Amino acid sequence: MAAPKTQGAAARGEENSDGSRSGTGGVSYEDSKDCILEPLSLPENPGGTTTLEGSPSVPCIFCEEHFPVAEQDKLLKHMIIEHKIVIADVKLVADFQRYILYWRKRFTEQPVTDFCSVIRINSTAPFEEQDNYFLLCDVLPEDRVLREELQKQRLKEILEQQQQERNDNNFHGICMFCSEEFLGNRSVLLNHMAREHAFNIGLPDNIVNCNEFLCTLQKKLDNLQCLYCEKTFRDKNTLKDHMRKKQHRKINPKNREYDRFYVINYLELGKSWEEVQLEDDRELLDHQEDDWSDWEEHPVSAVCLFCEKQAETIEKLYVHMEDAHEFDLLKIKSELGLNFYQQVKLVNFIRRQIHQCRCYGCHVKFKSKADLRTHMEEAKHISLLPERKTWDQPEYYFPTYENDTLLCTLSDSESDLTAQEQNGTVTVISEDTSKLHALKQSSILNQLLLHECLKN
């Protein structure tokens, strides 16, 4: 097969570089921008650049056809049918547009057979019925180097975008579950959803293009679609109940649509987060005979009852609450003689009152948690617990926060006993033996013995 003509394509490529090309159907790209077909929004934080500036379409390697960036599959189909060229592992190409433009230029300089493997089909048929296809893949060193360079460039752009978002304190967002508005850094909103609604999409520092990510999730909820099982429901209340009862307040890890929002997916060429994680697991298996004597369990953070302070150990949290808020949970437990379930009720009661911005000492409600905390500290109401009948109710068996780690650390084991109890000086009350004769006479054993004697 003769090599496709490429001179016109090269000229076309020069037009693209100065942005003077026209669109399909006789309507220029500049004219098409005047047509407003949807509501407009002011730009927020832009995502990482994935295409060349001023080039919303990708040209065919050989001819004048152009296809939108989002319709990559149509371009690949066109090149296979019209030009009989196949690009191997195209999904591993970090920047498809730059990749195509590079080879478009190279094919004008040398024959296509200098770069591609030739695959002949119908080799047993007559010569006129035989056909050749061209395979462009990373077996060619030049192609491999190009793919690696594009991957490095993409990673650089992603890391720059991530750093910009980490340092951006002009973020504005609204919680998808309670509609509370947040200003400042993106981590404030993400941490709020994780803490208040048990919706955790990952650490803020691991996420890139956060605005686009949140908009994608919000759009699914607006379409009444569950974020985890991706089923659609008839109304918002049904959707909320479903996500709460089924514990579906999380994203679907198998949905590849979300991969572009996590930095880990850009680290290695052609590897997703699952493959990177699998390699880490294999390394653990390979070194399972190593010395693990110095290994320490990863600490689980617990959150203070009155503020947002987190501590790595429960002991540190108890010290913080006693020093910062004059609230000694261990002392209260000992004085009131609380068992495990009563401790759970007390913690859930306090959590709910603080969440509702209500002081449990005087029952006054405040506009914010900060105002409530200031009032309770000044009025010394933190240690002023209400009567037991107020909080020792079955409704407080249920946690205020689904991910409340503090509840998992409560205990009524021997380690929590007072020193006096541990020394074995607990008072033991003996049985009352003053009326022993009367007890023997009225015992049910006498009736059983009499019954046995009469049988015999």
Handout entry: Residue within the range 371-380 that is at pLDDT below 85 and open to solvent by 80 Å² or more (accessible area, probe 1.4 Å) present
Key = no
Handout entry: Every pair of residues 6+ apart whose Cβ atoms lie under 9 Å, when the first sits in the range 153-167 and is under 14 Å from D95 (Cβ atoms) while the second is assigned to a helix (DSSP H, G or I) and at pLDDT 90 or above
Key = Q153/R98
Handout entry: helices (runs of 4 or more DSSP H) wholly inside the range 294-368 that include at least 1 residues being β-branched (V, I, T), closer than 26 Å to H197 by Cβ and open to solvent by less than 70 Å² (accessible area, probe 1.4 Å)
Key = 314-325, 340-355
Practice task
Tell me which residues, restricted to the range 233-247, are surrounded by 11 or more Cβ atoms within 10 Å (Cβ to Cβ), modelled with pLDDT of 90 or more and not in a helix (DSSP H, G or I).
Solution key: F233
Exercise for the section: Output the residues belonging to the range 220-264 that are of a type outside the set (F, W, Y), touching a strand residue (DSSP E or B) at 6+ places or on another chain (Cβ under 9 Å) and at negative phi. Expected result: N223, Q225, C226, K231, T232, L239, V263
Problem - Residues that are assigned to a loop (DSSP other than H, G, I, E, B), within 19 Å of the chain's Cα centre (by Cα) and without any contact (Cβ under 8 Å) to a residue 60 or more places away in the chain, drawn from the range 250-270 - result: K250, I251, N252, P253, K254, N255
Exercise for the section: Would you point out the residue of the range 178-195, among those that are surrounded by fewer than 16 Cβ atoms within 10 Å (Cβ to Cβ) and not in a strand (DSSP E or B), that is nearest to the chain's Cα centre (by Cα)? Expected result: V188
Completion exercise
All conditions in (1) part of a helix (DSSP H, G or I); (2) open to solvent by 50 Å² or more (accessible area, probe 1.4 Å) are true of R147 except (2)
Exercise for the section: Output the number of residues of the range 222-232 satisfying the condition of being in contact with a Phe, Trp or Tyr (Cβ under 9 Å, 6 or more places away or on another chain) and surrounded by fewer than 18 Cβ atoms within 10 Å (Cβ to Cβ). Expected result: 2
Practice task
Within the range 107-144, track down each residue that is closer than 20 Å to V90 by Cβ, open to solvent by 40 Å² or more (accessible area, probe 1.4 Å) and not in a strand (DSSP E or B).
Solution key: D138, V139, P141, E142, R144
Practice task
Within the range 75-106, track down each residue that is open to solvent by less than 40 Å² (accessible area, probe 1.4 Å), in contact (Cβ under 8 Å) with a residue 60 or more places away in the chain and under 39 Å from the mean Cα position of the chain (by Cα).
Solution key: A94
Handout entry: Candidate set from the range 150-177 (those that are hydrophobic (A, V, I, L, M, F, W, C) and assigned to a helix (DSSP H, G or I)); member that is surrounded by the fewest Cβ atoms within 10 Å (Cβ to Cβ)
Key = L159
Handout entry: Checklist (1) modelled with pLDDT of 50 or more; (2) within 30 Å of D131 (Cβ to Cβ); (3) hydrophobic (A, V, I, L, M, F, W, C); (4) outside any helix (DSSP H, G or I) applied to A94, failing item
Key = (2)
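The values are calculated or read from the model by the stated rules, or taken from the named source; none is laboratory data. The structure presented is a predicted model; accordingly, all values stated were derived computationally and were not measured. Note that we place each Cβ from the backbone using ideal geometry, even for glycine, and neighbour counts take in every protein chain shown. All accessible areas refer to the heavy atoms of the entire protein, side chains included, with ligands and DNA or RNA removed. Shrake-Rupley method; radii C 1.70, N 1.55, O 1.52, S 1.80 Å.
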